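Below is one structure, written out as structure tokens, with a few remarks after it.
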Amino acid sequence: MSDPAAATRELPIPPAPWWLTGEGYIFPLKSTREHVLRHGFLPPSEQDCFVGGWGAWMLVRYRDSPVGPYDELLYIPGYSRRGWRLTWQITKIYVSTEASARAGIRTWGLPKEVAPFAFTTEGDALRAVVGEPSDPFFAATLRVHGPTFPIVSLGTPPSLRQPVRAWPPTNTSLPPVREGAWLQLPALGLGWGWSRLVALGDVVIDPTRFPDVHASGTLRTGLACLPFRMNFPVPRQIG
């Protein structure tokens, strides 16, 4: 019997830039430095430059991408200072497909892991569950409300800066990356869409697999982008 994951690993990785469309839910959060160092999945080698401040967690449903539709849950703990520049770093991120994980790791240094996603509608609420049905590690209820308004991003700071991560170099046309280097790109690339406010209802999280957003200081009101179109650009290799 063929292995779908193995077959996916043999496919070429679509090069950046990527254009993506979908729906997303963004919640700002503000953690202390001490909390992130203990619970934010920040690697020990990158803790000295972490200063804290505003970060975010996001739940995204990509309807169209160069690797097909996929879902995503990610966490940004706050700012790191590198020289004079403040940057963000994604320290935990799950996606629903092997193809997205492979491309994200290789192209942008994103520490993507694969997990099942399930979405159900309960009245005016959206229920999202991530993890195996018998052992989910994230569940949240979201309620969109208020008027619709346009949103536009022109590629604003702070930037994302991710360490290069190893991945088997199978059948890829991407340029080589250097171990120990960093990949940097705008945290918010060029994009536009329509938005409403979204309220966070009940949340259940296993903090050993995803940061507890309540303990991380999440706001209860976020931004729902319904829908959006955005560009994820070519990263700049540093170091």
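Does residue 134 satisfy being in contact (Cβ under 8 Å) with a residue 60 or more places away in the chain, among the polar types (S, T, N, Q) and out of contact with any Gly (no Cβ under 7 Å at 6 or more places or on another chain)?
Against the criterion (in contact (Cβ under 8 Å) with a residue 60 or more places away in the chain, among the polar types (S, T, N, Q) and out of contact with any Gly (no Cβ under 7 Å at 6 or more places or on another chain)), residue 134 does not qualify.
When residue 183 is evaluated against the numbered criteria (1) at pLDDT below 80; (2) within 16 Å of the chain's Cα centre (by Cα), which criterion, by number, is the only one it fails?
(1)
For segment 75-116, which positions are at positive phi and either surrounded by fewer than 19 Cβ atoms within 10 Å (Cβ to Cβ) or among the basic types (Lys, Arg) (or both)? Even if it seems obvious, please write down each step before you answer.
Step one: of segment 75-116, the residues at positive phi are 78, 83, 109.
Once the filter is applied, which keeps residues that are at positive phi and either surrounded by fewer than 19 Cβ atoms within 10 Å (Cβ to Cβ) or among the basic types (Lys, Arg) (or both), segment 75-116 yields only 83.
Can you tell me how many residues in segment 201-237 are among the aromatic types (Phe, Trp, Tyr) and closer than 14 Å to residue 38 by Cα? Reasoning before the result, please.
Taking segment 201-237 as the starting set, the residues that turn out to be among the aromatic types (Phe, Trp, Tyr) are 210, 228, 232.
Still in the list and also closer than 14 Å to residue 38 by Cα: 210.
Count: 1.
Testing residue 104 on (1) part of a helix (DSSP H, G or I); (2) in contact (Cβ under 8 Å) with a residue 24 or more places away in the chain, one condition comes back false. Which one is that?
(2)
Please go through segment 107-127 and give me each residue that is farther than 26 Å from residue 160 by Cα and part of a strand (DSSP E or B), ordered by number.
Passing the criteria: 118, 119, 120, 121, 122, 125, 126, 127.
Do you know which residues across segment 1-22 are modelled with pLDDT of 95 or more and either buried (at least 18 other Cβ atoms within 10 Å of the Cβ) or more than 19 Å from residue 72 (Cα to Cα) (or both)?
Those that are modelled with pLDDT of 95 or more and either buried (at least 18 other Cβ atoms within 10 Å of the Cβ) or more than 19 Å from residue 72 (Cα to Cα) (or both): 20, 22.
Look through segment 201-214, keep the residues that are assigned to a loop (DSSP other than H, G, I, E, B) and not acidic (Asp, Glu), and return whichever of them is surrounded by the most Cβ atoms within 10 Å (Cβ to Cβ).
Applying the filter and picking the extreme gives 211.
Of all residues in segment 48-57, which are over 19 Å from the mean Cα position of the chain (by Cα) and either aliphatic (A, V, I, L, M) or under 15 Å from residue 92 (Cα atoms) (or both)?
Listed by number, the list holds a single entry, 51.
Could you tell me whether segment 158-168 includes any residue that is exposed (fewer than 13 other Cβ atoms within 10 Å of the Cβ), modelled with pLDDT under 85 and not acidic (Asp, Glu)?
The initial filter retains those residues of segment 158-168 that are exposed (fewer than 13 other Cβ atoms within 10 Å of the Cβ), namely 166, 168.
Next, from what is left, pick out any that are modelled with pLDDT under 85: 166, 168.
Now narrow it down to the ones that are not acidic (Asp, Glu): 166, 168.
Yes: one or more hits.
Restricting to segment 222-239, name every residue that is more than 14 Å from residue 185 (Cα to Cα) and among the charged types (D, E, K, R).
Once the filter is applied, which keeps residues that are more than 14 Å from residue 185 (Cα to Cα) and among the charged types (D, E, K, R), segment 222-239 yields only 229.
Which of the residues belonging to segment 23-40 are of a type in the set (Asp, Glu) and buried (at least 16 other Cβ atoms within 10 Å of the Cβ)?
23
Would it be correct to say that residue 195 is modelled with pLDDT of 95 or more, surrounded by 15 or more Cβ atoms within 10 Å (Cβ to Cβ) and of a type outside the set (D, E, K, R)?
Yes, satisfied.
From the list 144, 130, 152, pick out the single residue that is within 18 Å of the chain's Cα centre (by Cα) and either surrounded by 11 or more Cβ atoms within 10 Å (Cβ to Cβ) or part of a strand (DSSP E or B) (or both).
Result of the check over 144, 130, 152: 130.
Being within 11 Å of residue 27 (Cβ to Cβ) and surrounded by fewer than 21 Cβ atoms within 10 Å (Cβ to Cβ) is the filter; apply it to segment 215-239 and report the residue that is modelled with the lowest pLDDT.
217
If the requirement is being within 16 Å of the chain's Cα centre (by Cα), at pLDDT below 95 and of a type in the set (Gly, Ala, Ser), which of these qualifies: 83, 104, 123?
Answer to the check: 104.
The values are calculated or read from the model by the stated rules, or taken from the named source; none is laboratory data. Since we're looking at a predicted model, the values are computed, not measured. When we count neighbours, we look across all protein chains shown, and the Cβ atoms used for this are built from the backbone with ideal geometry, even at glycine.
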